[in-house]
Amino acid sequence: HYAKRSFVVLFALSLRLIAEVTPEPTALWEFDSAITPLRATVGEDLVLQGSHEAAQGVVDGDGAFSVGVGSHYRAKHGIPVVPGQKRVNAYTLAIDFKTPVDRDSHSLFQTNPENSDPSEVDTKNREGVIGASFVGWSPQFSFTPGEWYRFILAADLEAGRYDLYLNGECVLRGAPQDINRNYSLDPESVLFFADNDGGDKPITVSRIAIYDRALTDAEVEVIAFIKPAAPNNTAPEFAGKAARTTAKAGAPVTLALPVRDAEGDRLRYRLLDRNGQPLTLWSALLPSSEPIAHAHTFNLPGTVGVSIELKDEYGARRAPVHC
């Protein structure tokens, strides 16, 4: 006999209000000028090695550049070395990037100013993962090639922290790394999209920021998302009512999830259990004009409360409450 499992799908959502102060970068480049794209908003101008060309940004009017094969940027990070240390061991990098729709690997940054080592963090488009051999890799299909993401790395090597985020979601708590070695920064500069062994495939960038410490999870959330499409951009909403359905344990059941977004933006969703722990990864971007049909399998008998968390393609997000 099959054990039955019934679960209550309750979607009670509230807007998350963030009180943290926005961290200030030590260096910032926004690529908004087609004439002087290397000019710094904060800090010193970038130096281009190789070639790049203007590209479509995140939204209309947003500047972006595509960095070619064998090309990269050299950036002065502006972070002083702590007395007694040889390199910068605490920092945060934030990169708005998009890879082509391909199956290649793409380099994000390199800490060797001579570019004589492999890059420190890469994407693997075939698997949809981001990371590196020594620190680990994000879950499969953490990102989708051809879509914009804000990548954030918060590193405090003395504290054993090397955390990777995509659009606000921590996709990897990386393995601890030694201070003053490869995963620390050179005292003066860092290379973006550089690699010494063929990993520097084409990549498009819209914004790069550097911070002089490892930002906390709460601070990362403040800066986590690419700028919204409109000043009054609102978060998507669940447009249904609480529902109850029953299925056999071990058999998939399809949840119908009506959603809406006032601006018609695409959205992502994930399901959480009654303790607020994710049952699923964030979905790919979906049109808000169509109901979500999500198939999920519950393997143990019993009753479980499920909630849904939503965010649109520009980062406007609604947080679930426990059900």
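Below, the figures for the structure above:
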item: Residue-count net charge about Arg173 - beta-carbon cut-off 14 Å; Lys, Arg +1, Asp, Glu -1; result: -3
item: For the chain, the longest site-free run once trypsin sites (Lys or Arg not before Pro) in DSSP loop states with at most 10 other Cβ atoms within 10 Å are removed; result: 104-240
item: The chain: relative contact order in percent, alpha carbon pairs under 8 Å with at least 6 residues between; result: 25
item: Computed accessible area, Glu30, all protein chains, 1.4 angstrom probe, square angstrom; result: 60
item: Highest-MSF residue in the chain out of Gly63, Gly302, Gly199 [GNM, Cα springs under 10 Å]; result: Gly302
item: Accessible-area composition of the chain, carbon plus sulfur, in percent [1.4 Å probe]; result: 50
item: Principal axis dimensions, segment 93-156 - Cα atoms, whole angstrom, descending; result: 29, 23, 21
item: Amide H partners (placed H, <5 Å) of Gly174, local residues excluded; result: Tyr162, Asp163, Leu164
item: Assigned charges on the beta-carbon of Lys, Arg, Asp, Glu; the chain dipole about Cα centre (debye); result: 1580
item: Whether segment 106-218 is rounded, prolate or oblate, judged on the alpha carbon gyration tensor where a/c under 1.5 counts as rounded; result: rounded
item: GNM result for the chain, Cα springs below 10 Å: residue of Leu310, Leu267, Leu279 fluctuating most strongly; result: Leu279
item: For segment 247-313, size of Cβ-based charge dipole, Lys and Arg +1, Asp and Glu -1, in debye; result: 340
item: Kirkwood Rh, Cα atoms: Rg over Rh of the chain; result: 1.01
item: Longest DSSP-loop-exposure-free segment, chymotrypsin sites (Phe, Trp or Tyr not before Pro), the chain, at most 16 other Cβ within 10 Å; result: 142-323
item: Longest to shortest principal axis, alpha-carbon extents of segment 142-286, angstrom; result: 58, 38, 32
item: For segment 76-93, Karplus couplings with θ = phi - 60° (6.51, -1.76, 1.60), whole Hz, Gly/Pro x; result: 7, 7, x, 9, x, 6, 5, x, x, 10, 9, 9, 8, 10, 9, 6, 9, 10
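The values are calculated or read from the model by the stated rules, or taken from the named source; none is laboratory data. Everything quoted here is computed from the prediction, not taken from an experiment. Neighbour counts run over all protein chains shown; Cβ positions are idealised from the backbone, glycine included. The protein model used for the area step is the full one, side chains on, heavy atoms only, and it has no ligands, DNA or RNA in it. Shrake-Rupley method; radii C 1.70, N 1.55, O 1.52, S 1.80 Å.
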